[in-house]
1. Considering (1) surrounded by 15 or more Cβ atoms within 10 Å (Cβ to Cβ); (2) in contact with a helix residue (DSSP H, G or I) (Cβ under 7 Å, 6 or more places away or on another chain), say which one R94 fails and leave the rest.
2. Suppose the filter is in contact (Cβ under 8 Å) with a residue 12 or more places away in the chain and surrounded by fewer than 15 Cβ atoms within 10 Å (Cβ to Cβ); does S33 pass it?
3. Name the single residue that is surrounded by the fewest Cβ atoms within 10 Å (Cβ to Cβ) among those in the stretch 241-259 being in a strand (DSSP E or B) and touching a Leu at 6+ places or on another chain (Cβ under 8 Å).
4. May I ask you to verify whether V56 is assigned by TED's automatic domain parsing to the domain that holds I117 and surrounded by fewer than 16 Cβ atoms within 10 Å (Cβ to Cβ)?
5. Pick from the stretch 209-228 the residues that are of a type in the set (A, V, I, L, M) and farther than 15 Å from N125 by Cβ: which of them is surrounded by the most Cβ atoms within 10 Å (Cβ to Cβ)?
6. Can you go through E75, E112 and tell me which one is without any contact (Cβ under 8 Å) to a residue 40 or more places away in the chain and surrounded by 12 or more Cβ atoms within 10 Å (Cβ to Cβ)?
7. Using the structure shown, decide if T275 is in contact with a strand residue (DSSP E or B) (Cβ under 7 Å, 6 or more places away or on another chain), under 30 Å from E75 (Cα atoms) and hydroxyl-bearing (S, T, Y).
8. From the set of residues in the stretch 195-216 that are over 20 Å from the mean Cα position of the chain (by Cα) and not hydrophobic (A, V, I, L, M, F, W, C), which is farthest from G243 (Cα to Cα)?
Amino acid sequence: MYYYQLRAFHAVATFGGFSKAARQLNISQPAISDQVRKLEGWFNIRLFERKRRSVVPTELGLRLFELTKRMFELEQEAVELLSESEALRTGSLRIAADAPLHSVNLIGSFRETYPGISISLSTGNADEVLERLFDFNADIGVLADVPDNDHLQSLPLRTDALVAFVGASHPWASRESITLEELCSEPMVMRETGSKTRMIIEQEILARGLAYDIALEAEGRATAREAVAAGIGVGVVSESEFGFDTRLRALTLSDCDSTMTENLVCLKERAKLRTVAAFWDIATSHGK
């Protein structure tokens, strides 16, 4: 009875406005506004705070949005179940990763097998990746630290040591390795709070009772690389993510035992979605 009204509400809450929602549903803005007004009128409630250029869900609207997310996710699963015979010829997959390196090879293999599936890749730190998964804004995540959560399913992809890196003109640039104590003797370019790399290296440093100086807190790996290349300080990254840059030199951390394991992760309730399951199979075959 309320399907069209709930669909209209869900689209407005998802896209943050009536115009954007109308474009997504391919109906007019007055029509979608009317559906939301009907829902509010029937129950004598207010679902959105209407501002000049945007709309924001009320507290009740946010609670309803959590329910409609599940409702339309189930609808998607039902449609996919009924169309399994199409063998993944069309569809989409949204991936959120804490670094693109561990995702792109899998995406390449997936596209070779399923060229009709469109893929989007967004990047952020571990906290942001998990937020996108739980908000249903990503189907699959790739991250270094999977929390103990019964709603998550994970698959280890690879494990790497941490390395320090300096600019090519730094006095350490000709060295092969340094100790954690030496690392702490230099100003450091540290990733933002929420970064698994930062969490691990700070745990290693604090376990040894060392003091350290953060010269710059960098939002994202690209910013950290540019800061180190500019001589602002010494950075730390997992070995596989160092890549190749003639401006930088990687140094083994000789007394750092910690490693980073990248994992594929998804919500268990979405693991059976055709696109998610197919990507999972590709990742599993890569690990063999």
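The values are calculated or read from the model by the stated rules, or taken from the named source; none is laboratory data. For clarity, every value in this text was computed on a predicted model and none was experimentally measured. As a convention, Cβ positions derive from the backbone with ideal geometry for all residues, glycine included, and neighbour counts pool all protein chains shown.
1. (2)
2. On the way: in contact (Cβ under 8 Å) with a residue 12 or more places away in the chain: yes; surrounded by fewer than 15 Cβ atoms within 10 Å (Cβ to Cβ): no.
So S33 fails the test.
3. If we take residues in the stretch 241-259 being in a strand (DSSP E or B) and touching a Leu at 6+ places or on another chain (Cβ under 8 Å), then T259 is surrounded by the fewest Cβ atoms within 10 Å (Cβ to Cβ).
4. Details: assigned by TED's automatic domain parsing to the domain that holds I117: no; surrounded by fewer than 16 Cβ atoms within 10 Å (Cβ to Cβ): yes.
For V56, the condition - assigned by TED's automatic domain parsing to the domain that holds I117 and surrounded by fewer than 16 Cβ atoms within 10 Å (Cβ to Cβ) - is not met.
5. Going through the stretch 209-228, the residues of a type in the set (A, V, I, L, M) turn out to be 210-211, 214-216, 218, 222, 224, 227-228.
Subset that is farther than 15 Å from N125 by Cβ: 210-211, 214-216, 227-228.
Values: L210: 14, A211: 8, I214: 13, A215: 16, L216: 16, A227: 19, V228: 28.
Taking the candidates together, the pick is V228.
6. Numbers: E112 fails: surrounded by 12 or more Cβ atoms within 10 Å (Cβ to Cβ).
It is E75.
7. Yes: the conditions hold for T275.
8. Applying the filter and picking the extreme gives G209.
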